[in-house]
1. Quick one: which residues, 5+ away or cross-chain, put their amide H under 5 Å from the amide H of residue 114? H built at 1.01 Å from N.
2. Using Cα pairs under 8 angstrom and six or more residues apart, how large is the relative contact order of the range 53-143, in percent?
3. For a quick check: with amide H placed at 1.01 Å from N, whose amide H comes under 5 Å from residue 45's, ignoring anything fewer than 5 positions away on the same chain?
4. Got a sec to turn the phi values of the range 131-139 into Karplus ³J(HN,Hα) couplings, 6.51 cos²θ - 1.76 cosθ + 1.60 with θ = phi - 60°, whole Hz, x for Gly and Pro?
5. First select every other residue whose beta carbon is under 10 angstrom from the beta carbon of residue 139; then total the charges, Lys and Arg +1, Asp and Glu -1.
6. Residue by residue through the range 96-111, what is 3J(HN,Hα) from phi via Karplus (6.51 cos²θ - 1.76 cosθ + 1.60, θ = phi - 60°)? Round to whole Hz and write x for glycine and proline.
7. Is there a quick way to get the dipole size of the range 53-143? I mean about its Cα centre, with the Cβ of Lys and Arg at +1 and of Asp and Glu at -1; what is the value in debye to the nearest 20?
8. Where Lys and Arg each count +1 and Asp and Glu each count -1, what net charge lies around residue 44 among other residues with Cβ under 14 Å from its Cβ?
Amino acid sequence: MFSRVATQSVKKVLGTPLSMGRKAPATAFFSTELVPGVGFGKTSTGIVGLPVDPEACSKIVTKYQALLDRMAASDLPETAQYRVDVEKIARYRIKIATEHADDPDLVEELCQCGQVEELVQQADDEMMVLDMYLKERLWEEIDYDVDVEIEYNPDPSKDSEGLDDDEEEASPSK
């Protein structure tokens with residue numbers, strides 16, 4: 001009963017049902033048909049407390065550019081590994097969000113770090129980390145001249161002397 005009433009109401013309001021080839025009214029703003037649950041037709045992130053943001057791609061560009069500007073204006077050395085890493089990530093995400101501003105799903109796929117709304121949240125979180133990093137001058141605490149000794153054992157079944165575990169047990173003890 002309800003579905004028949006709902007169908008008649010939709011026909012009355014929209015004229016032709018959307019399933020019969022009619023585009024949703026909002027598609028007039030987009031070059032492609034609006035698909036519910038995908039891209040700009042997304043209705044939920046599926047994450048509690050994180051609403052859908054149709055402007056997420058532009059916010060990614062704005063917020064990551066703010067990160068780059070903040071680092072450039074600071075006395076954080078250009079050679080600090082934290083700065084190098086954050087700059088690479090920020091520049092990549094800005095590039096992807098700029099090139100594919102009309103396709104948030106592709107931005108998500110290329111960045112591989114969650115939904116576009118999460119990328120915006122990550123930029124906010126990174127700004128807080130950067131502020132703390134600059135305030136505490138943490139790059140001064142890192143000793144880059146430390147020689148790290150790495151023990152490489154390509155065969156984990158052998159011990160550091162190159163003996164098999166079985167050989168070790170079979171060899172006579174002194």
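Every read-out reported here was derived from the displayed coordinates using simple, explicitly stated rules and does not represent laboratory data. Every value quoted in this text rests on a predicted model; they were computed, and no experiment measured them. Heads up, the Cβs are rebuilt from the backbone with ideal geometry, glycines too, and the neighbour counts pull from every protein chain shown.
1. Result for residue 114 returns nothing.
2. On the way: 70 pairs, mean separation 35.0, N = 91.
Relative contact order here is 38 percent.
3. Sorted by chain and number, the residues that satisfy this are 52.
4. Coupling constants for the range 131-139: 4, 5, 4, 6, 4, 7, 6, 5, 5 Hz.
5. Values: positive: 83, 137; negative: 75, 136, 140, 141.
Residues near residue 139 contribute -2 overall.
6. For the range 96-111, the Karplus curve yields 5, 5, 6, 5, 10, 4, 8, 9, x, 5, 5, 4, 4, 5, 6, 7 Hz.
7. Details: 10 positive and 23 negative charges, 66 e Å.
For this selection, approximately 320 debye.
8. Numbers: positive: 42; negative: 53, 117, 118.
Counting the neighbours of residue 44, the net charge comes to -2.
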